[in-house]
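For reference, the structure discussed in these notes is given below.
The values are calculated or read from the model by the stated rules, or taken from the named source; none is laboratory data. In this text, all values refer to a predicted model and were calculated from it rather than measured experimentally. Because the Cβ atoms are built from the backbone with ideal geometry, glycine has one as well, and the counts that use them run over all protein chains shown. Ligands, DNA and RNA are stripped out before the accessible areas are found, and what is left, the full protein with its side chains, is counted by its heavy atoms. Shrake-Rupley method; radii C 1.70, N 1.55, O 1.52, S 1.80 Å.
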Amino acid sequence: SWLVLGSTARSEPLPGSDLDTAVAWADEPGQPGHFDRVQAAASRLLDDMERCGLHRCPRDANATEQLFNRSVTQWKAAAGQWVSQPTGSGTALLVSIIADSRPLTGLVLGRSVTDALAASTRSFDFIEGVLNLALHYRPPTGFVRDFVVEHSGEHRGELDLKHGGLVPVTSIARWAAIVTRDVTGTTLERLRRAHHAGLLTADESSSLTGAFEEIFGLLMTRELDAIRAGIPPSRYLAPGDLDSLTRRLLRETFRVITAVQATLEGEWVSRIK
C-alpha cells in the first residue's frame, strides 16, 4: 500500500509543498530481501514523481527510508510502542505519520495501519503526550505588539507562516482526531468533530477554523504570486511587506491560536469523555 502523508493526506497541500510518502506491505514469511525489493520499487516511483514536478521530502519522510517502509506487522508493533511510550524517541514524527496518512493503493492494507492506532488502548499519559507534541509549535507573537521573526540566516526578519500559523492549528486538530479515534478528513473537518465531541468549545472551533483559513489563504496567494513571478514559493514573509490591515488580522489570528493553546493546556483533562 502506497501512502501519502501530512498535508497531502489531509487534502491541504500548498503549491510549494513537498510530498511525504510511506509504504505498508503484507508480510512475506520466508522471503529474505523483501524490504530491498520494495525499497527499490519505491525509489523508482519517487524518481518518476519528481519528473512530474512533485518533490520528495527533503527531511527524508520518504517511502525509500526504512522508518517509512515497513510490513503491516511492523507498523502495528510500532503503533503499540508509541501508545505505551508516548514520550519516546521519534514519537512526534511517527504518531503524525499514522494520524495523517492516506492510502492510494492497497486501501485495506493501508487503512489497517491507521486502524492499529485508533484501536489501541490509550492512557491519559498517551493523550497528554500527543497534546504536548501538538502544543510544541507556538505562534510568533511578541510580548506587546511586535511579531517574533527569525533573527539569523537567510530568513532574518521574516515570519514562518507554516510553523508559526498552520502547524499549531493542524496539530490541535490532529490531537482531537486521535482522541476521537477518527483521523479521517481535513483539518477543518477535524475541528468540527472536536467541537461535537466536547474537546473544543464552539468559539474555539470557529476561531481555529478562521485562523486556518486566514493563514492558508495568505500562503496560497503568496505562493501563487511567486510562481507567476518565476521565483520559488516560500512559507516566509516579512511583516513589512503586508498592508496594515493584513498585519492586524494576522496578529489577531496568532493571538487567537495562542489563547486556545493556553486554555487546552489547562483544561484538556476535563474535556475528555
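What the table shows:
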| read-out | value |
| --- | --- |
| Listed residues GLU267, GLU12 arranged by accessible area, highest first, probe 1.4 Å | GLU267, GLU12 |
| Inter-site label distance for ARG37 and LEU67 at 7 Å from Cα along Cβ, in nm | 2.7 |
| Between helix 167-180 and the chain: long-axis angle, C-alpha atoms, 0 to 90°, nearest 10 | 50 |
| Computed E for LEU249/LEU54 - FRET, C-beta separation, R0 22 angstrom, nearest 0.05 | 0.10 |
| GNM top mover of PRO239, PRO58, PRO168 - the chain, alpha-carbon springs below 10 Å | PRO58 |
| With every protein chain in place, the chain: carbon and sulfur % of accessible area (1.4 Å) | 53 |
| Point-to-point label distance, ASP182-ALA229, nm (Cα→Cβ direction, 7 Å offset) | 4.2 |
| Given (1) 14.8; (2) 16.4; (3) 15.7, the label whose value is mean projected area of the Cα convex hull in nm² derived from this model | (3) |
| List THR187, THR209, THR141, ordered by accessible area with a 1.4 Å probe, largest first | THR141, THR209, THR187 |
| Cα-centre dipole for the chain with unit charges at Cβ (Lys and Arg positive, Asp and Glu negative), debye to 20 | 420 |
| For the chain: accessible area per residue (Å², 1.4 Å) | 50 |
| Solvent exposure ordering (accessible area, 1.4 Å, most first) of ILE98, ILE272, ILE231 | ILE231, ILE272, ILE98 |
